[in-house]
Amino acid sequence: MNPRNHYFSYAAASARYEAWWQGGRLDRPPVTLYVENRGSPRAPRSNHATLRERWLDVGFQVESALAGLETSVCLGDSVPCWMPNVGPDLTSTLFGAELIFGENTSWCQHTLHSTEDLERFIATPPDFDNVYWQTLDAMISLASDRFAGRFYVSVPDLHGSFDMLAGLRGPENLCLDIMDAPDLVRRASLHAARAYVEAYRRFYQRLTALGQPSTTWCSYLHDGPAYIPSCDFWCLVSKEVGVDLIQPSIEFEMAPLERTIFHLDGPQALQHLDTMLALPRLNAVQWVYGAGHDNATRWLDVYRRCRQAGKAVQILAEDGADALRVLRELGPDGLWLTICTPFRNADRAVEFLDEVHRLSA
Amino acid sequence: MPLLTDLTAAVAAGKRTDTVRLTQELLAAGTGPQAIVEQGLVPGMAIVGDQFKRNEIFVPEMLVAARAMKEALKLLEPMLASAGIKPKYTAIIGTVQGDLHDIGKNLISMMWRGANFAVIDLGTNVPPEKYLAAAQEHKAHLVGLSALLTTTMPAMKETVRALKAAGLPNTRIMIGGAPITQAFATDIGADGYAADAGTAVDVAKQLVASLA
C-alpha cells in the first residue's frame with residue numbers, strides 16, 4: 001500500500017467532482033476524509049485579550065491555518081484549503097449588525113426592532129467596507145501569499161437571505177412578521193438575496209483573480225461559480241410559507257451559480273425536501289441529519305429521493321463502515337462520500353479508498 | 001359557555017384582537033380570571049400544541065397564538081395576583097452554558113405558560129450554578145434545559161449532575177433540543193425528554209404529576 005497513490009491531485013479531484021455534479025462518477029465517487037492530526041508545534045499561541053481580537057487577528061488566523069494545513073495528510077479528494085472565517089452572519093454585517101464571538105462560532109446582534117426598521121432595511125444598500133469585510137479581504141491576501149500555491153483559499157461561509165434576516169430581526173420576530181406582514185418580508189428577503197449574490201460575486205472574483213479554485217467550507221471543486229446555499233430558518237415554517245416566501249429567494253440566490261449544493265440541516269427541514277428537489281438549478285444536496293440522529297445508513301430513503309429527482313448527494317458518513325454501507329446500497333453514481341470521523345492513520349484511509357475504488361468498478 | 005369556547009378558538013387561531021375582546025366580555029359577564037385562564041386560554045394553547053405535534057402548524061402559527069394569550073394575560077394577571085391565585089407548578093428554563101440559541105427554549109417557555117405553569121426564564125448561556133440557585137429560590141417543580149449545539153451537550157450533562165447532586169426531591173429535570181435524544185436523556189440522568197414544544201407540555205405534566 002502506498003499512500004502516495006491516493007494523495008490529493010487537483011486535476012483528478014476536479015474531474016471526479018465534475019462527474020459527481022452531473023450525477024455520475026469517474027473511477028469512483030469523490031471522497032473527503034481526514035487522518036488524525038496531533039497538531040503542529042508551529043501553531044501560534046493566542047495571547048489575545050478577547051475572543052473578538054483573536055477572531056479578527058489576520059496574521060494569527062493565517063499562521064494557525066498554515067500550521068494546520070502543513071501537518072494534514074490530504075488523501076482522496078480532500079481539498080487542501082482554508083476558509084477565512086468570521087462566521088456566516090457575515091452577511092448580516094452588510095447592514096450594520098455587529099458580530100459577537102464565541103470560542104467556536106459567532107452570531108450577530110439583532111438590529112431591526114420593528115417592521116418600520118425592516119422597511120428601512122429594504123432602502124439600505126449593503127456596506128462592503130465594514131471591519132469584518134476588510135478583515136476577510138486582508139486574510140485572503142495574506143493567506144494567498146503565505147500559502148504560495150501549496151494550499152488553497154476558499155469563499156467564506158455566507159448566510160442566505162432568510163438566515164440573514166433572522167440574524168438582523170431575530171427568528172421569532174421574523175416568524176411574527178411572516179404572519180403579520182408577508183409582503184414586507186418578501187420584499188426584505190429579496191433585498192437580502194441581492195446582497196448575498198453580490199457578496200458571493202465579490203469573493204468569487206477576488207479569489208479567482210488570485211488563482212484560487214472555486215470551493216468553500218464543504219470542499220467541492222468546480223471550474224466556475226459554485227456554492228452551497230442554505231436556509232436554516234426554513235425548518236421553522238410550513239411547506240406553504242416555504243414555497244410562497246422562501247423558495248423565491250433561494251432561487252434568486254442560485255441563479256448566478258453554475259453549480260449548487262443545498263445544505264439541508266436537520267430532520268425538521270425534511271418537510272421541504274420535495275420543494276427543494278424541484279428547483280431546476282439545484283445540482284446536489286448536502287443532507288445533515290445531525291448528531292443524535294443515527295448515521296448516514298439510517299437516511300438511505302432521503303438519499304434515494306434525491307437521486308430519483310436527478311440530484312447528486314453528499315453523504316456525511318459517521319465513519320468508513322457507514323460510508324461503505326451507503327455506497328453498497330445506492331451504488332457509486334452521484335455520491336460524494338465525506339467521512340466525519342478521522343482515520344487513525346494514512347494506511348487505514350488508503351485501505352478505505354481502495355475499497356471505495358473496488359466497489360465502484 | 002359559548003364565550004369561553006370562542007376564546008379558546010381565538011387563541012388557537014392567534015387572533016389577538018378577538019382574544020382580548022372576548023376576555024373583556026367574559027370579565028364583564030362575571031367570569032372569574034382563573035376560569036378564563038383554565039377554561040379558555042389553556043385549552044386554546046393545548047390545541048396549538050397538538051397541531052404542532054401533528055405538523056399541522058409551525059412556529060409562526062404557534063407564536064401568534066402565544067402572543068394572543070399573552071395579551072389576554074396582561075388583563076388577567078393583576079386580578080389573579082390580587083386574588084392570590086398562582087399557577088400550581090413552577091418551572092425554570094434556560095439554554096445551557098456555551099449555547100446562545102433561544103428559539104426552542106422560548107417556544108417551550110410559551111407552551112408551558114400556556115399550560116398554566118409559572119415559568120422563570122433564565123435566558124441563554126446559563127451555567128449549572130444559576131439553574132441550581134433558581135431552582136432552590138423558586139422551589140421549582142420542573143427545570144428545563146435546552147441545547148442546540150452538540151458541543152454544548154456536555155454542559156447539559158454537567159447541569160443535570162449538579163442539580164441531582166444538590167438533592168432536590170420535588171424537582172424534575174427535563175431536557176430537549178435538536179441534537180438531544182431519549183437515549184442521551186437517560187444516559188445523563190434527566191427525568192424527561194421532549195422532542196418538540198407540543199410534547200414538552202405532555203412530558204412536563206407527567207413529570208410534575210409524579211411528584212409527591
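Scattering from region B:2-82 was approximated by placing one identical point on each alpha carbon and applying the Debye formula without solvent; log10 I(q)/I(0) at 0.11, 0.18, 0.25, 0.26 1/Å stands at -0.25, -0.63, -1.10, -1.18. Every helix of 4 or more DSSP H residues in chain B counts as -39500 (n - 2.57), and over all residues that averages to -18000 deg cm²/dmol at 222 nm. Counting only lysines at least 8 places from B:LYS164 when in the same chain, those with an alpha carbon closer than 19 Å to its own are B:LYS130, B:LYS139. Restricting attention to the protein assembly as shown, close to 10% of DSSP beta bridges with both partner residues there are antiparallel.
For chain A, a Gaussian network of Cα nodes joined below 10 Å ranks A:PRO256, A:PRO30, A:PRO156 by mean-square fluctuation, and the top entry is A:PRO256.
Among B:PRO127, B:PRO43, B:PRO78, the largest mean-square fluctuation in a Gaussian network model of chain B, built with springs joining Cα atoms closer than 10 Å, belongs to B:PRO78.
Shape of region B:89-209 from the C-alpha gyration tensor: rounded (a/c under 1.5, with a ≥ b ≥ c the square roots of its eigenvalues).
Ellipticity at 222 nm from helices only: DSSP H runs of n ≥ 4 in chain A, each -39500 (n - 2.57), divided by the residue count, give -12500 deg cm²/dmol.
Close amide H partners of A:VAL35, meaning residues 5 or more places away or on another chain with modelled amide H under 5 Å apart, are A:VAL73, A:PHE343.
Is region A:1-124 rounded, prolate or oblate when judged by the Cα gyration tensor, a ≥ b ≥ c being the square roots of its eigenvalues, rounded requiring a/c under 1.5 and prolate requiring a/b larger than b/c? It is oblate, given that a/c is not under 1.5 and a/b is not larger than b/c. Put a dot 7 Å past the Cα of A:GLU70, heading toward its Cβ, do the same for B:LEU100, and the two dots end up 3.3 nm apart.
Take the Cβ atoms of A:GLN109 and A:ALA361, set R0 to 56 Å, and the FRET efficiency comes out at 0.55. Rounded to the nearest whole Hz, the Karplus-based 3J(HN,Hα) values (6.51 cos²θ - 1.76 cosθ + 1.60, θ = phi - 60°) of region B:80-97 follow the sequence 5, 5, 5, 8, x, 8, 10, x, 5, 10, 10, 10, 9, 9, x, 9, 5, 4, with x at glycine and proline.
What separates the Cα centres of region B:124-191 and region A:93-130 is a distance of 33 Å. In this structure the amide hydrogen of A:VAL285, modeled in the peptide plane, comes within under 5 Å of the amide hydrogens of A:PHE262, A:ALA312, A:VAL313, A:GLN314, none closer than 5 places in sequence on its chain. Sparsely packed loop sites in region B:112-172 (the trypsin sites (Lys or Arg not before Pro) outside DSSP H, G, I, E and B with at most 11 other Cβ atoms within 10 Å) comprise B:LYS139.
What whole number of Å gives the distance from the Cα centroid of region A:257-295 to the Cα centroid of region A:54-82? For region A:54-82 versus region A:257-295, the Cα centre distance is 28 Å. Once a ≥ b ≥ c are taken as the square roots of the eigenvalues of the Cα gyration tensor of chain B, is the result rounded (a/c under 1.5), prolate (a/b larger than b/c) or oblate (a/b not larger than b/c)? Prolate is the answer for chain B, as a/c is 1.5 or above and a/b outweighs b/c. Give the calculated FRET efficiency between A:GLU258 and A:ASP333 to the nearest 0.05, with a Förster radius of 22 Å applied to their Cβ-Cβ distance. It comes to 0.60. Applying both filters, DSSP loop and at most 13 other Cβ atoms within 10 Å, to the chymotrypsin sites (Phe, Trp or Tyr not before Pro) of region A:4-53 eliminates every site. In straight-distance terms, cross-link reach from A:LYS311 covers every one of the lysines whose alpha-carbon lies under 30 Å from its own, apart from those fewer than eight places away in the same chain; here that gives A:LYS239.
The dipole here belongs to region A:230-276: it is taken about the Cα centre, uses +1 on the Cβ of Lys and Arg and -1 on the Cβ of Asp and Glu, and is about 60 debye.
Just how far, in whole angstrom, is region B:17-80 from region A:305-361 if you go by their alpha carbon centroids? Measuring centre to centre over Cα atoms gives 51 Å.
Residue-wise HN-Hα couplings along region A:168-178, as the Karplus relation 6.51 cos²θ - 1.76 cosθ + 1.60 with θ = phi - 60° gives them from phi, are 7, 9, x, x, 5, 5, 5, 4, 5, 4, 4 Hz; Gly and Pro carry x.
Springs between Cα atoms under 10 Å define the GNM used for chain B, and in it the highest mean-square fluctuation of B:LEU132, B:LEU148, B:LEU168 occurs at B:LEU168. Annotation: Cα Rg of the protein assembly as shown relative to the compact-globule expectation 2.2 N^0.38 Å equals 1.04.
Read the figures in this text as sums done on the coordinates, not as results from a lab. Here the structure is a predicted model, which means the values were calculated and not measured. A quick note on method: Cβ atoms are made from the backbone with ideal geometry, for glycine too, and the neighbour counts reach across all protein chains shown.
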